[in-house]
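Enquirer: Below is a structure I'd like to ask you about.
The values are calculated or read from the model by the stated rules, or taken from the named source; none is laboratory data. From a predicted model like this one, the values you see are computed outputs, not experimental measurements. Every residue, glycine among them, receives a Cβ derived from its backbone with ideal geometry; neighbour counts consider all protein chains shown. Surface accessibility is based on the protein's heavy atoms, side chains included, excluding ligands, DNA and RNA. Shrake-Rupley method; radii C 1.70, N 1.55, O 1.52, S 1.80 Å.
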Amino acid sequence: MSSVPRYLGLDLGGTNLKWAVVERSGPDGWHTLDRGQVPTDTSREEASVVEQLAALATEIRDGVTDGPVATCGVAVPGLYVPETGVVTFLTNVPGDWSATPTGEPIAEATGLPTAIINDARAFGLGELRFGAGKDVDSFVGLTLGTGIGGVVALDNEVLLGYNGQAGELGHQTIEPDGPWCGCGNRGCMESFCRADQVAAECGTNDPREAIEKARAGDQRCIDGLARIGRYLGIGLSNAVTVLTPERIILGGGWSSAGDLITGAIRTEMDKRVLIDSGDRVDIVIADLGTWAGAIGAAVHGAEQAARAGEIELPA
């Protein structure tokens with residue numbers, strides 16, 4: 001058996017539970033060794049979800065035969081208390097998640113140090129260590145999906161802030177009297193750019209259909225995606241002005257829109273980023289696809305355990 005430790009990451013979604021096993025060794029740094037997914041068991045709401053997380057983590061730990069699994073990280077689509085691993089709010093996962101112990105049951109089942117992280121921050125950490133942010137020290141990222149998740153990386157670290165909540169770029173106000181957002185505020189960037197708004201702007205059932213039709217030349221979809229890109233550009237202009245990142249990384253379910261939105265984002269930044277220069281900021285699509293959350297969760301579990309002195313990460 002190899003002596004190089006492995007690190008497990010789980011990414012909780014309302015439909016699927018993704019997992020990844022990674023390692024860190026030698027001058028090349030981090031590598032993904034294995035990954036997979038299973039349908040999320042919501043049959044007993046939060047109780048079955050937590051039991052499934054613990055059981056899957058144990059199964060994967062036992063199935064890794066070429067090196068010891070040292071830690072576990074779990075990405076969740078919501079809020080949590082880092083010190084206790086208690087989840088306090090989740091979106092799109094059935095159950096009462098107002099005070100649900102999640103990290104501790106997994107740690108007890110596996111015997112592994114376990115850390116929770118928000119799924120958008122996990123996406124950012126995965127891209128920072130493995131993907132589109134690997135060659136820069138700072139970026140802001142958006143996950144474009146049912147909602148708009150956000151992440152900020154500065155000085156080669158993902159900014160977590162109080163209770164892991166830093167980086168919620170989708171919930172900045174870009175229009176004081178704009179439409180209501182699911183968070184309770186009016187005029188959030190998310191309220192203009194979430195998936196159902198993309199579909200409404202383009203007259204389609206979902207963003208995927210809008211992208212397909214736009215690439216086939218449908219003018220309504222081309223114009224609708226450009227309007228969505230404009231709103232994203234307003235919010236990202238704020239982030240660039242405040243944080244001066246080197247790069248913007250777009251990920252999530254409909255980031256495949258690519259140039260259909262990045263042109264409008266760039267146009268808006270050219271108009272609004274005047275103290276800094278928006279031209280110097282790259283706008284790129286994420287590298288890791290749907291696996292970024294699980295990979296980033298694995299890295300988070302390892303790095304948090306190393307900070308706590310529970311493990312020592314290989315150089």
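Enquirer: Using the structure shown, decide if ALA75 is farther than 23 Å from LEU313 by Cβ and at pLDDT 95 or above.
Expert: Details: farther than 23 Å from LEU313 by Cβ: no; at pLDDT 95 or above: yes.
Considered against the rule, which asks whether it is farther than 23 Å from LEU313 by Cβ and at pLDDT 95 or above, ALA75 comes out as no.
Enquirer: Another question, then. Just wondering, is there one or more residues in region 96-107 that are touching a residue at least 60 places away in the same chain (Cβ under 8 Å) and open to solvent by 10 Å² or more (accessible area, probe 1.4 Å)?
Expert: Checked against the condition, which is being touching a residue at least 60 places away in the same chain (Cβ under 8 Å) and open to solvent by 10 Å² or more (accessible area, probe 1.4 Å), region 96-107 yields no hits at all.
Enquirer: Follow-up question, since we're still on this one. Do the conditions hold for ALA226, that is, is it over 23 Å from GLU168 (Cβ atoms), open to solvent by 20 Å² or more (accessible area, probe 1.4 Å), in a helix (DSSP H, G or I) and touching a residue at least 24 places away in the same chain (Cβ under 8 Å)? Break it down stepwise before answering.
Expert: Working: over 23 Å from GLU168 (Cβ atoms): yes; open to solvent by 20 Å² or more (accessible area, probe 1.4 Å): yes; in a helix (DSSP H, G or I): yes; touching a residue at least 24 places away in the same chain (Cβ under 8 Å): yes.
Criteria met by ALA226.
Enquirer: Same structure again: Taking into account only those residues within region 298-315 that are in contact (Cβ under 8 Å) with a residue 12 or more places away in the chain and open to solvent by 50 Å² or more (accessible area, probe 1.4 Å), which is farthest from PHE123 (Cα to Cα)?
Expert: GLU310
Enquirer: Examine region 168-187 for a residue that is part of a helix (DSSP H, G or I), within 24 Å of GLY78 (Cα to Cα) and either touching a residue at least 60 places away in the same chain (Cβ under 8 Å) or touching a Leu at 6+ places or on another chain (Cβ under 9 Å) (or both), and state whether such a residue exists.
Expert: First pass over region 168-187, keeping only residues part of a helix (DSSP H, G or I): 169-171.
Add one more test, that the residue is within 24 Å of GLY78 (Cα to Cα), and what stays is 169-171.
Imposing the further condition that a residue be either touching a residue at least 60 places away in the same chain (Cβ under 8 Å) or touching a Leu at 6+ places or on another chain (Cβ under 9 Å) (or both) reduces the set to 169-170.
Looking for residues that are part of a helix (DSSP H, G or I), within 24 Å of GLY78 (Cα to Cα) and either touching a residue at least 60 places away in the same chain (Cβ under 8 Å) or touching a Leu at 6+ places or on another chain (Cβ under 9 Å) (or both), one finds at least one in region 168-187, hence yes.
Enquirer: Do you know which of the residues in region 273-297 that are in contact with a Ser or Thr (Cβ under 8 Å, 6 or more places away or on another chain), assigned to a helix (DSSP H, G or I) and modelled with pLDDT of 95 or more is surrounded by the most Cβ atoms within 10 Å (Cβ to Cβ)?
Expert: If we take residues in region 273-297 being in contact with a Ser or Thr (Cβ under 8 Å, 6 or more places away or on another chain), assigned to a helix (DSSP H, G or I) and modelled with pLDDT of 95 or more, then ILE295 is surrounded by the most Cβ atoms within 10 Å (Cβ to Cβ).
Enquirer: Oh, and also: Do any strands (runs of 3 or more DSSP E) entirely within region 47-134 hold 3 or more residues that are within 16 Å of the chain's Cα centre (by Cα), and if so, which? Walk me through how you get there before you give the answer.
Expert: Working: elements: 69-76, 78-81, 86-90, 114-118.
Result: 69-76, 78-81, 114-118.
Enquirer: Same structure, new question: Can you work out which of the residues in region 214-223 that are open to solvent by 80 Å² or more (accessible area, probe 1.4 Å) and in a helix (DSSP H, G or I) is farthest from GLU168 (Cα to Cα)?
Expert: GLN219
Enquirer: TYR162 passes all but one of (1) more than 18 Å from the chain's Cα centre (by Cα); (2) of a type in the set (Ser, Thr, Tyr); (3) open to solvent by 50 Å² or more (accessible area, probe 1.4 Å); (4) over 16 Å from ALA239 (Cα atoms); which number fails?
Expert: (1)
Enquirer: Given the criterion touching a His at 6+ places or on another chain (Cβ under 7 Å), crowded, with 21+ Cβ neighbours inside 10 Å and under 22 Å from LEU125 (Cβ atoms), identify the matching residue among VAL22, VAL76.
Expert: Values: VAL76 fails: touching a His at 6+ places or on another chain (Cβ under 7 Å).
Matching residue, one of VAL22, VAL76: VAL22.
Enquirer: Only residues in region 51-63 that are loosely packed, with under 15 Cβ neighbours inside 10 Å count as the first member; pair them with residues that are hydrophobic (A, V, I, L, M, F, W, C), Cβ under 6 angstrom, at least 6 apart or cross-chain, and list the lot.
Expert: none
Enquirer: Cβ-Cβ distance below 8 Å, separation of 6 or more or different chains: which pairs start in region 139-163 with a residue that is in a helix (DSSP H, G or I) and end on one that is open to solvent by 10 Å² or more (accessible area, probe 1.4 Å) and not aromatic (Phe, Trp, Tyr)?
Expert: ASN163/LEU79; ASN163/VAL81; ASN163/PRO82
Enquirer: Which of the residues belonging to region 120-159 are over 15 Å from THR290 (Cα atoms), of a type in the set (S, T, N, Q) and open to solvent by 20 Å² or more (accessible area, probe 1.4 Å)?
Expert: Within region 120-159, ASN156 is the sole residue that qualifies.
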